[in-house]
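The values are calculated or read from the model by the stated rules, or taken from the named source; none is laboratory data. Here the structure is a predicted model, which means the values were calculated and not measured. Using ideal geometry, Cβ is built from the backbone for each residue, glycine included, and neighbour counts are taken over all protein chains shown. Heavy atoms of the whole protein, side chains included, go into the accessibility calculation; ligands, DNA and RNA do not. Shrake-Rupley method; radii C 1.70, N 1.55, O 1.52, S 1.80 Å.
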Amino acid sequence: VSDSEGKPIEFATVRVSGTTLGTTTGLDGSYRLSVAEADTINIIFSCLGYEEQKRRLIEPKGDLTINVRLKPSAATSLDEVEVKAIRKQTGSMQSISGAADYRLKAADATGGSVESLLTTLGGVSSSSELSSQYSVRGGSYDENSVYINGVEVYRPLLVSSGQQEGLSVINPDLVDNISFSTGGFSAEYGDKMSSALDITYRRPQSIEGSVALSMMGGSVAFGQSTKKWSQLHGLRYKRNNSLLSSLETKGEYDPSFFDYQTHLQWAISPKWRTSFLGNIALNNYKFVPANRVTNFGTANDAKQFKVYFDGNEKDKFETWWGAWSLDFMPNTNTALQLLATGFLTNELVTYDISGEYWLDQAGTDGSDTEAGIGGELGVGRYHEHARNRLKASVIGLTLKGATALRPSSTVVYGVNLRREKVMERASEWELRDSAGFSLPNDGENLRMIYNLTSRQDIASTRFAMWGEYRYKANSSLGFWNINAGVRLSHWSFNREWLFSPRMSVGFVPEANNQWAFRFATGLYYQAPFYKEFRAAVYDENGNGTVVLNHDIKSQRSIHFIGGADYTFRAFNRPFKLSGEGYIKALGNIVPYEIDNLKVVYSGYNQCNGYAMGIDFKLFGQFVEGSDSWLSLSLMQAREKLNGVSVPRPTDRRYNLALYFTDYFPKFPRLKFSLRGIFSDGLPTTAPRSSRDTVYFRTPAYKRVDIGLMYGLLLPPADGETRTGISKLLKSVWLGIDIFNLLDISNVSSYYWVTDVNNLQYAVPNYLTRRQINIRLAVDF
């Protein structure tokens, strides 16, 4: 369908007279319509601002091509009217807008990752700018499922949530849509207890691409498409040496993180389509520490910790995953998909690091010790060793589909079979000497303070099937969005069957459609993966061995969530105020501790607990044409550990986050962004201890990152014609970021120093300080 000049008309209506069959044209004016055979068929072409055209087909058969030119209508043209509104959330998944702008404009140490965007939302928090891991409403970092184009993706198992962590599995240069649920998600999403993140990669419209460079690395993305074929590729490389150099532990940091992703699509026919999604991630971390000086304590009790290191650390994390899908649409009401997936990880953590340390009262040289006013508190040496290797593979086959029963209701269903294999070979130990005495000291033997070995091979099969009913319709009371479903799964390792019913209801009242209400409930399970049923057993001499708990049960969480949105206009701009309260009843919990940024599970179902809280979010255009939001979360997450009620390791009682964007009206080329986090500290304990004996909280996490971008070349305006090299480019932006603007020393974890009297001192491990980053972004 085109106009009188031959230019394509998008969103023109093509319908069959006397029936409900119809469609609309795409961006290129093309359309496709399937019609049952008849003696005569009348096709009507229409579009606002054009005269209606009709075509009569006599005894049509097979495939026909009908091209139509619409003439402008003689009606008087009206001035342009712009309508702006904010989408109402009536389901458990919230759509996150501004993802593409966030990649370009936001200043954050991860390089504009999707996860750092999530941590500014209500109920979501992170404890380190060096990590892409996040906690949702008191859940662990392993309780969040992530899907890319319907494929569940996995994280490496041995990596810590710190400087060894590489690139996020999600490439922000390829993202089109982001849907995220902080609880109450539907049955199609897998067996996780806290959240579901659903990412859709875009389909390029033509030839397009981007290049981004900064002091921490760079990325390249390229896309191309035709009517039947499309390809999308993304390359990323990260070397955050400059960021790591601001840590207190000085030395030679040599991180190298590489990632390649591709998404290929081919429309075989109108009914058949196939696609491939692939990823290769090669992450290497090398570190040769030299020395460290940490000052901590209070003004009246200041301490200084000095270490001189010897040795190095070499880590390698390689992952490959891919997914091939075959889509079939037998008719306009049903869509089926066959999905074959594979995931392989090869992980190696090796280090031999020794250090000689001095713990002193700051400002003294030890001469005043007898006077009781300070001096040397501890002198010692330690040696840490690890040779840990893990290989894991997951191969799966999924068949899923959706059938529209009528315009207002749809049934979604699926079945999945997965085969998992894990191989672990681990040996790690620590030798500690304090004031000439090896710890622990029995006066006779030389003993290590910690050692653990593991030699495990496991193969298991998982089966799951699900079905859900979706209903969306308007009534005299208002708009209803109802989703009810059930998930059934089985795991051969512990022979456990799981039954998980889930339901959500959304309602927009007709009397006042500025309001939207929603409620969700369901029974959710955390199907154990390897490190959750991996337990350590110690003999009388303190030697540790890893065993597998074949009696492990899935952790359980019952969700009750209620929320409401209120949309309004202020300063002649759209805003939305959201509030959501929740209660999660937790059972069969496998307790864990966070040991120097690594999650260590006990391997046994030992606890019951709960999480409850309320989240608020104010979203809108504080500055016209630029989305921003402010989130506030209040929460309490506790569990009963060994008969003692204690906070969960991710119990962040308050969290305040701000993402703010601005531009300067007189300087449209200049844009500004601010990302601020202020959140409660987390409970922590000494290594190989637990919170039921003693715990304390880290200081509050406070961080502000700002970014300033200047448009060297802005996107072309309507009707603008470019010449030369600018004809090939859409936009060019040059920016400067200031990470940790206020230069706050946030604590990530603690290093524990033990003296000969077995007294332990917690020496804080601080995160990165203020850093400046320069970046260039080019879109073509």
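Brief remarks follow.
- Spacing of the two label points (7 Å from each Cα toward its C-beta) at Leu577 and Thr461, in nm: 5.6 nm
- Ser690, Ser489, ranked by accessible area, largest first (probe 1.4 Å): Ser690, Ser489
- Our coupling estimate for segment 31-36, obtained by passing each phi through the Karplus curve with A = 6.51, B = -1.76, C = 1.60 and θ = phi - 60°, is 8, 8, 9, 9, 9, 5 Hz, Gly and Pro reported as x.
- When the Cα positions of Gly49, Thr20, Leu33 are compared along the charge dipole of segment 1-51, Thr20 comes out farthest toward the positive end, with charges on each C-beta of Lys, Arg, Asp and Glu.
- Sites listed here are chymotrypsin sites (Phe, Trp or Tyr not before Pro) in segment 551-586 whose DSSP assignment is loop and whose Cβ has at most 12 other Cβ atoms within 10 Å: Phe571.
- Shape call, segment 179-223: gyration tensor on alpha carbons, a/c limit 1.5: oblate
- C-alpha center-to-center spacing [segment 1-25, segment 660-695] in angstrom: 50 Å
- Per residue, the convex hull around the alpha carbon atoms of segment 471-580 comes to 165 Å³.
- A simple rule links phi to the HN-Hα coupling: the Karplus curve 6.51 cos²θ - 1.76 cosθ + 1.60 with θ = phi - 60°, which for segment 693-710 gives 8, 6, 7, 8, 9, 5, x, 4, 8, 9, 7, 9, 10, 10, x, 10, 10, 10 Hz, with x for Gly and Pro.
- Gained length - Gln205 relative to Asp28, 0.36 nm times residue gap less alpha-carbon distance: 62.7 nm
- Accessible area per residue was computed with a 1.4 Å probe on protein heavy atoms; Tyr351 scores about 60 Å².
- Estimated distance in nm for a label pair at Asn513 and Tyr308, the labels positioned 7 Å out from Cα along Cα-to-Cβ: 7.5 nm
- Near-label residues of segment 190-231 by backbone N, under 16 Å of a point 7 Å along Cα→Cβ of Ile268: 228-230
- Within the chain, helix-based [θ] at 222 nm, where runs of 4 or more DSSP H residues each add -39,500 (n - 2.57), nearest 500: -500 deg cm²/dmol
- Based on the Stokes-Einstein relation at 37 °C and a viscosity of 0.692 mPa s, and on the Kirkwood radius from alpha carbon pairs, the chain is assigned a translational diffusion coefficient of 112 µm²/s.
- Projecting the Cα atoms of Phe276, Ser434, Tyr710 onto the dipole axis of the chain, where Lys and Arg carry +1 and Asp and Glu carry -1 at the beta carbon, places Phe276 farthest toward the positive end.
- For segment 258-331, alpha-carbon Rg relative to the globular expectation (2.2 N^0.38 Å, N residues): 2.30
- With θ taken as phi - 60° and the Karplus curve 6.51 cos²θ - 1.76 cosθ + 1.60 applied, the whole-hertz 3J(HN,Hα) list for segment 608-620 is 10, x, 7, 9, 8, x, 8, 10, 10, 8, 10, 10, x Hz, x standing for glycine and proline.
- The accessible area of Thr319, taken with all protein chains in place and a 1.4 Å probe, comes to roughly 20 Å².
- Cα-based shape type of segment 107-149, given that a ≥ b ≥ c are square roots of the gyration tensor eigenvalues and the cut on a/c is 1.5: oblate
- The length gained by stretching the chain between Ser409 and Ala717 to full extension, at 0.36 nm per residue less their Cα-Cα distance, is 106.7 nm.
- Cα pair distances in segment 104-213, grouped into 10 Å bins until the bin that holds the longest one, percent each: 13, 45, 33, 8, 0
- Nearest-20 debye value, segment 275-345 charge dipole, Cβ charges on Lys, Arg, Asp, Glu: 320 debye
- Test item: Cα-centred dipole of the chain, Lys/Arg +1 and Asp/Glu -1 on Cβ, debye: 2360 debye
- Given R0 = 51 Å, the distance between the Cβ atoms of Phe276 and His383 translates into a calculated FRET efficiency of 0.60.
- For segment 400-436 and segment 191-226, distance of Cα centres in Å: 23 Å
- Across the protein chains, with a 1.4 Å probe defining accessible surface, the residues Glu313, Glu5 rank Glu5, Glu313 from largest area downward.
- At full extension, Ile44 and Ala536 could sit 169.9 nm farther apart than now, given 0.36 nm per residue minus the alpha carbon distance.
- If you sort Leu776, Leu586, Leu728 by accessible surface, 1.4 Å probe, largest first, the order is Leu728, Leu776, Leu586.
- Distance cut-off 13 Å, percentage of C-alpha pairs in segment 1-75 lying past it: 65 percent
- Inter-site label distance for Glu356 and Asp662 at 7 Å from Cα along Cβ, in nm: 5.3 nm
- Leu344 contributes about 80 Å² of solvent-accessible surface, heavy atoms of the protein only, 1.4 Å probe.
- Distance-filtered residues of segment 263-303 - backbone nitrogen under 14 Å, label point 7 angstrom along Leu344 Cα→Cβ: 279-282
- Of Lys88/Lys727; Lys54/Lys472; Lys306/Lys531; Lys54/Lys227; Lys576/Lys640, those spanning more than 30 Å from alpha-carbon to alpha-carbon: Lys88/Lys727; Lys54/Lys472; Lys306/Lys531; Lys576/Lys640
- For segment 193-252: rounded, prolate or oblate by the Cα gyration tensor [a/c cutoff 1.5]: oblate
- Paramagnetic label zone (point 7 Å from Cα along Cα-to-C-beta, Lys316; backbone N under 16 Å) in segment 251-275: 255-258
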